[in-house]
Amino acid sequence: MSAQKIALLTLTASATAAITQNRFVGFDGAPAAAAGNAMGAAVNDAVIGDDFGVDVIGTTVIEAGGAIAEGAEIEVGADAKGVTLDAGVTVARALQEAAADGDLIEVLLIVN
């Protein structure tokens, strides 16, 4: 199954740090901190000062930081990738399985 998305709300943010597409973004325009809250997922890459899209409601595509089971709760991991919930904040739920680090999967964003 290929990764797809149905974003219901995409906002524009201004990058305060380098942003990588398909990774979680914080409310401050920087990559989201591991185990912390996330505004959503970056739609495109951005450098400091660039405006970029952030999917905040609906489904989106994220880059996995390791194996994730379909249906698993997801938190922000290292480098703002999605990982299976351990002790952080739930920011999404996996709609697809990720077999390894770097896989792109569809997730349902959860307001946090």
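In this structure, is Gly53 within 13 Å of Ala3 (Cβ to Cβ) and without any contact (Cβ under 8 Å) to a residue 60 or more places away in the chain? No, not satisfied.
A single member of Gly49, Gly88, Gly40, Gly58 is surrounded by 18 or more Cβ atoms within 10 Å (Cβ to Cβ) and either closer than 17 Å to Leu11 by Cα or within 11 Å of the chain's Cα centre (by Cα) (or both), and it is Gly40. The number of residues in segment 90-108 being more than 12 Å from Ile74 (Cα to Cα) and not aliphatic (A, V, I, L, M) comes to 3.
For segment 67-75, the criterion of being in contact (Cβ under 8 Å) with a residue 24 or more places away in the chain, under 23 Å from Thr16 (Cα atoms) and within 12 Å of the chain's Cα centre (by Cα) is met by at least one residue.
The numbers here are math on the coordinates, done by the rules we state, and not lab data. All values derive from a computational prediction rather than experimental measurement. Reconstructed Cβ throughout: ideal geometry from the backbone, glycine too, with neighbour counts over all protein chains shown.
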